[in-house]
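One structure is given here, and the rest of the page talks about it.
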Amino acid sequence: MKKPFLHIAKPWILLFGGILVFVILSQVLRFRIDLTEEKRFSLHPGTEKVLAQLTEPLHVDILLVGENLPGGMRRLQKSIEETVRTFNAYSPKAITYSYFDPLSVDQEKQEEFIVDLVDYGINPTNLFVNQNSGQQAQLIFPGFLVSDSEYETGALVLKGERGMSPEQILNQSIENLEFELIAAIQKLISPESSSIAMIIGHGENGRDDGYGIVEALDGEFEIFKVPLEQAKKPADLSSFKTVIIQSPKESYSDREIYLLDQYVLNGGNLVILLNGVAVEEQALSGGTTIGMPFETGLENLLFRYGLRINNDLIQDMNFGLIPTMAGNFGNQEQMRPMPWLYYFQAGLMQNHPITKGLDVVSFEFASSMDTVKADGVKKIPLIFTSDYSKIIPAPMQISLSEVSIEPDPKTFDLKNLPLGYLLEGEFTSVFKNRFAPEEFDKADFKESGKGKVVVFGDGELFQSQLNFQDGSPLTLGEGQLSQTTFANKILLKNMVKYLADPEGIIASRTRTFQIRPLNKVKVAEEKTFWQLINVVLPVLVLLGIGGIVWTIRRNNYGRKN
């Protein structure tokens, strides 16, 4: 008897009906489940918030291309692609991507295009790859470009701290991909999100007159030069997300310190770049000068907040260079770079959103710092010197003749001195139990409040070097003598982004992906065993199962025959 048609078709109807319902639901309900232990395919809430603001599609050009890339570079390349795909899954507008080789541009426009990439911070890297004829050099651009219908920006992704192994640098670069991409997107869709004040009126900003800070933050923040003498009350500073004091040369009055104190206690962010020793660099060009203790009145404020900048200078074996005159060539003076222990590079960073993954930062005449008791204030050191440092107390004689003296490593017996601190928490006013300036309303005075303060013992940290030829300021972090670009600019940008929104996209820089390398010793010892397990055992299992099935079939059907 034949089965009814409906009875036969019912399973197929249920199957295709279920598939249809699943397809419809997938269009209505969008969800992702990240089953990885480190949540590699999930995004920080700050990132999701920025993506939610997209009003038009974006396109990402992945510049890391090339034949026969090493395994690590292929891994980074694949990670950029996966990050873009993850962003697209969370974005209300499409984020597409494609691979683009900058070297494929017409020869006439290629040099100009590469210069544009360098302006975005995407410096080319010379890589040695395996070819049939042996190893050959190949120029790669480990970065990406992000564009909408009108604008374009880009970022470098291959970044790491000095001293890291190549595997660690790659891993850290992958960890920071989310931040680099969302920071570029945010720059496109919401430029100049907050205001920053640079205090003037006390000889601040030094040799570059603030150019380094303005150039570094241009397009992302609005920068204003603000004389404190024009502020009538603390509320006049409240419109600024961050206030920066850079290398003052004159003292601050009680009135001005009161304004800064109340600004912090009302939730403001204060950055102080202060020298503990005054060094006349122009006098140093003559051969010798004297470094004298230097105070501006800000020391009392910082002491109440839990920090002290000492009247000394740090020397470090990881030294930089200083230009010295080395005689004449004809009628032209010859300049020669010489090692200078007062200029040094710091590459040991705290695992913090501001400093994680930074390359070396250049310091000039930096002073040491100590913490003091301040209840309610958390003190986080950000950058440290190398393992070979020493401190010279002021007053001291500073002479260019020191460049010709080979330093004795035994005298550099201090290690990892902190060069900058982040202070955050509940601050107590420096004017508590003191008379405040009479011109301010006592009813508005706050004895304590929450804010954030960043302090560096180097007033020139965010000042650009000057071009030797025409005296114009260079890009922040660019070193003429060393032909190196230091991470001062990135440090500044990370710092102001953290102060503006510590829970925003900058917090994604804390992501950590665990490196799980194979134990090479164990691999060598157990190689044969695991080869047997993976190659021979499956074959034996299949033969065993086949033998059992053959035996059962022979017993069942052999008797019937």
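What follows is calculated from the coordinates using simple rules that are stated; it is not laboratory data. Quick caveat: nothing in here was measured; it's all calculated off a predicted structure. Note that each Cβ is placed from the backbone with ideal geometry, even for glycine, and that neighbours are counted across all protein chains shown.
Summary of values
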quantity	calculated
Normalised contact order of the chain, rounded percent, pairs of Cα under 8 Å and 6 or more residues apart	14 percent
Relative contact order of the range 35-188, pairs being alpha-carbon contacts under 8 Å that are 6 or more residues apart, as %	26 percent
Between helix 520-531 and the chain: long-axis angle, C-alpha atoms, 0 to 90°, nearest 10	10 degrees
Three-way shape call for the range 35-188 based on the alpha-carbon gyration tensor, with the a/c threshold at 1.5	oblate
Over 31 Å (Cα to Cα) - which of LYS249/LYS432; LYS49/LYS109; LYS225/LYS432; LYS49/LYS378; LYS241/LYS442 fall in this group	LYS49/LYS109
Percent antiparallel among DSSP beta bridges (both partners in the chain, rounded to 5)	70 percent
Given LYS187/LYS493; LYS356/LYS390; LYS356/LYS493; LYS356/LYS489; LYS379/LYS452; LYS379/LYS446, the pairs whose alpha carbons are separated by over 19 Å	LYS356/LYS390; LYS379/LYS446
DSSP beta bridge pairing in the range 193-486, given as percent antiparallel to the nearest 5	70 percent
Antiparallel content of DSSP bridges confined to the range 35-188, in %, to 5	75 percent
Shape category assigned to the range 163-320 from the gyration tensor of Cα positions, a/c cut at 1.5	oblate
Cα gyration tensor shape of the range 193-486, rounded if a/c is under 1.5, else prolate or oblate by comparing a/b with b/c	prolate
Förster radius 35 Å - calculated FRET efficiency between LYS442 and ASP209 (Cβ-Cβ, nearest 0.05)	0.40
Cβ-derived FRET efficiency at R0 45 Å, SER165 paired with VAL105, nearest 0.05	0.85
